[in-house]
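Report on the structure given below.
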Amino acid sequence: MVNDQKEINEFWNWFIINKNELVPKKITESFISQLDSKILSMGKFSWEIREGLIKNYMLIISPGGDVELLPATQKIIEFSPKIEDWEFYHYKPAKKWNFQLTLYEEDNVRKILDVKDWEYVLYKFSDGTFDIIFKAINLNESSEDEKLLVGDIVLESFLGEELSLKFIKNIEFVKDFDGADEQKKGSITFLKNHFDELL
């Protein structure tokens, strides 16, 4: 966990000085390398710069799939400066999206995956966590590792990384739901509302 307040302050001071060079359409390989180095010096985090949800730009310093790192990224963002065009997050927030993912296969081949026809069943446990079962016809030929990777991305897109890490225990993919699950299934387009109702 990040405990060095001086290091956090130094990072944000550097960000303030260089903020105009870090905007998505302007950032160079040199500044990407510098930003990456400064964030990784605080911990094994992921990061992303993209269009903001409220303001023009967004910087995400994320736990990178490790729920135990959430308090550390939260601490860093708690000390973020107030900058007119920037917003800051300690996790990847849910997206406003068209239910399509852009994936890259071998040789950097670009593939669009449409998930709006996916179906799911959600199981809630007494400790407040969930298992989720997906039926995704367009992933039937994919390996289990590929399915789980895409499943994580889809959940982050719908729920945001923080909720996904804290509350989703297991992801499973099936070709068909069994009899009981067939009665419980829902369209993935309603997943966020369903999840919010159950929390």
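The values are calculated or read from the model by the stated rules, or taken from the named source; none is laboratory data. Quick caveat, the model's predicted, so the values are computed rather than measured. Cβ sites come from the backbone with ideal geometry, for glycine too, and all protein chains shown count toward neighbours. Remember, those area values only see protein heavy atoms, side chains included, never the ligands or the DNA or RNA. Shrake-Rupley method; radii C 1.70, N 1.55, O 1.52, S 1.80 Å.
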*What net charge do the residues around Q183 carry, taking every other residue with its C-beta under 14 Å from that of Q183, with Lys and Arg at +1 and Asp and Glu at -1?*
-2
*Can you pick out the pairs among K55/K192; K147/K184; K19/K75; K75/K135; K26/K147 whose Cα atoms lie more than 32 Å from each other?*
K75/K135; K26/K147
*Reach of K96 by Cα under 12 Å, taken over aspartates and glutamates that are not fewer than 8 positions away in the same chain*: E51, E156
_Value of [θ]222 nm, deg cm²/dmol, for the chain, DSSP H segments ≥ 4, -39500 (n - 2.57) each, nearest 500_ = -10500 deg cm²/dmol
*Cα shape, the stretch 63-199, gyration tensor, a/c 1.5 rule*: oblate
*asked:* Quick check on my link table: of K25/K95; K92/K124; K44/K124, which ones sit more than 26 Å apart, alpha carbon to alpha carbon?
replied: K44/K124
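Whole-Å semi-axes of the stretch 11-88's equivalent ellipsoid, largest first, each the root of 5 times a Cα gyration tensor eigenvalue?
Values: eigenvalues 73, 42, 28 Å².
Those come to 19, 14, 12 Å.
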_How large are Rg and Dmax for the stretch 18-137 when calculated on the C-alpha trace, in angstrom?_
17.4, 49
_Most positive-pole-ward Cα, I60, Y120, L40, against dipole of the stretch 1-132 from beta carbon charges_ = I60
*Report in % the part of the accessible area of the chain that belongs to carbon and sulfur, leaving out ligands and nucleic acids; probe 1.4 Å.*
48 percent
_With +1 on the Cβ of every Lys and Arg and -1 on the Cβ of every Asp and Glu, and nothing else charged, how large is the dipole of the stretch 47-199 about its Cα centre, in debye rounded to the nearest 20?_
520 debye
